[in-house]
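Report on the following structure.
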Amino acid sequence: MDWEPLRQQLEQIFEGPVRLSRWTFEQWLREADTEAKGKGAPPKSLQYEGQIVFLVHKEQQDALVLSIDAARLNQAERKLVEMMLDTRRAQDKKAVPAASEEERKAGMVRDWFKQQQDLGLTNAEMPDALVAQLSLYSTKIPILLYGDYSQSRRVSYQELKKLLESFFDAEMILIPLMDKEWLILGSEKMLSMDTTDEREYGEEDTLEDTLAAVGYGLHEMLENEWVGECHLAIHYPMTPAKSLYATVLQLRETMMLGRTYHMGSNMHLPWMLQLEKLIHLIPEAEKAGFLERVLKRLDSALDAETMTTLEQFFQLDCNVSETAKKLYIHRNTLLYRLDKFKQETGLDVRTFNDAVLVKIALLLYKVTKRK
């Protein structure tokens, strides 16, 4: 359920800030017990650090709460807000349909995933009975979705599934994994979807190109039609009955690497993150030693313009002409920037060895600077 409209309504009524936040339910019980002081039933609201805090909704181990400045409402108004929340919860309880049979089956897969994760396993084959629940024997295209939507927004399983099937014009399997995290399994027909990418005559897409096109198209639709910003990771076709658990772990790793080393990107592709994966496995002490040696020459040279230039240069396979076009600068201007970088660092990125060295240093540099 989306509580944001109610928060905005209360903000207008009390002419002051009303905050929607998340506590642990344990914290709510602890503070409520202090407020009740043995009076019997736990309170529906409590006073905490100059705020009146109302319990909005309990979700597993969390509690969604509304906070209003205590000076802005009297005891009667406090009771009215409690009644308003009670009424809203009762209405939504009647309005929410029972989970579909398919959603129940997807929940069984999610619970099995959690069991394997709690055991610390890195590879596990699903039991046949569970595979049969969602017909996971045929080849599927796995996509991991993480929605950066508000904590207060509840995303409906049926709403998201309907949106996905409308976009792909095909049956989709949707499995909720964790809070805001969804696993999407589509048929191989997704690979034959018509894309609008312009290609040279006779040029054929690789499997990676096709998967990337599917991912970028889905990401654009989700950001425009669903809940705004989200992250996607897509993997090669696989057979869920044999390797679904391992594939999900790989998708999570792909998304982690993409979000760590490429903060501006929302689409994460494993074949584009192989160097990042290798670097991430290096012990921290080794990383620090490498940066200490190389950054003595790089630190002063890596301004915003130089960073952008080098990233585009590497992205376009060190092609000077294509990089100049992409940056909308003259070819000689780009050569001047690369020569200046060479003078300041002693590293010529037009040579293979120096290009590899600078590429690795840039990846670690960005992560180090954020720390």
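The values are calculated or read from the model by the stated rules, or taken from the named source; none is laboratory data. The model shown is predicted, which means the values in this text are computed figures rather than measured ones. Quick reminder, even Gly has a Cβ in these numbers, built from the backbone with ideal geometry, and neighbours come from all protein chains shown. These area figures cover heavy atoms from the full protein model, side chains too; ligands, DNA and RNA do not enter into them. Shrake-Rupley method; radii C 1.70, N 1.55, O 1.52, S 1.80 Å.
Quick notes on this structure:
- The test for being assigned to a helix (DSSP H, G or I), of a type outside the set (Val, Ile, Thr), open to solvent by less than 50 Å² (accessible area, probe 1.4 Å) and at pLDDT 95 or above holds for residue 251.
- Filter result for residue 265 (in contact with a Gly (Cβ under 8 Å, 6 or more places away or on another chain), at negative phi, open to solvent by less than 50 Å² (accessible area, probe 1.4 Å) and small (Gly, Ala, Ser)): yes
- Some residue of the range 152-166 being open to solvent by less than 20 Å² (accessible area, probe 1.4 Å) and modelled with pLDDT under 85: yes
- Test: residue 258 is more than 21 Å from residue 120 (Cα to Cα), surrounded by fewer than 16 Cβ atoms within 10 Å (Cβ to Cβ) and among the small types (Gly, Ala, Ser): no
- Positions within the range 220-248 being among the polar types (S, T, N, Q) and surrounded by 16 or more Cβ atoms within 10 Å (Cβ to Cβ), in sequence order: 243, 247
- Among the candidates 317, 354, 339, the residue that is within 23 Å of residue 279 (Cα to Cα), among the acidic types (Asp, Glu) and part of a helix (DSSP H, G or I) is uniquely 354.
- The single condition among (1) part of a loop (DSSP other than H, G, I, E, B); (2) under 10 Å from the mean Cα position of the chain (by Cα) that residue 236 does not satisfy is (2).
- The single residue among 317, 303 that is on the phi > 0 side of the Ramachandran plot and within 30 Å of the chain's Cα centre (by Cα) turns out to be 317.
- Contact annotation: residue pairs with Cβ atoms under 8 Å, 6 or more positions apart or on different chains, pairing a residue in the range 311-330 that is of a type in the set (Lys, Arg) with a partner that is open to solvent by 50 Å² or more (accessible area, probe 1.4 Å) and at pLDDT 90 or above, are 326/316.
- Meets criteria (under 18 Å from residue 189 (Cα atoms), open to solvent by less than 60 Å² (accessible area, probe 1.4 Å) and either at pLDDT 90 or above or of a type outside the set (Val, Ile, Thr) (or both)) for residue 136: yes
- Test: residue in the range 202-212 that is outside any helix (DSSP H, G or I) and modelled with pLDDT of 85 or more: yes
- Qualifying residues in the range 57-92 (those that are assigned to a strand (DSSP E or B) and charged (D, E, K, R)) - the one modelled with the lowest pLDDT: 59
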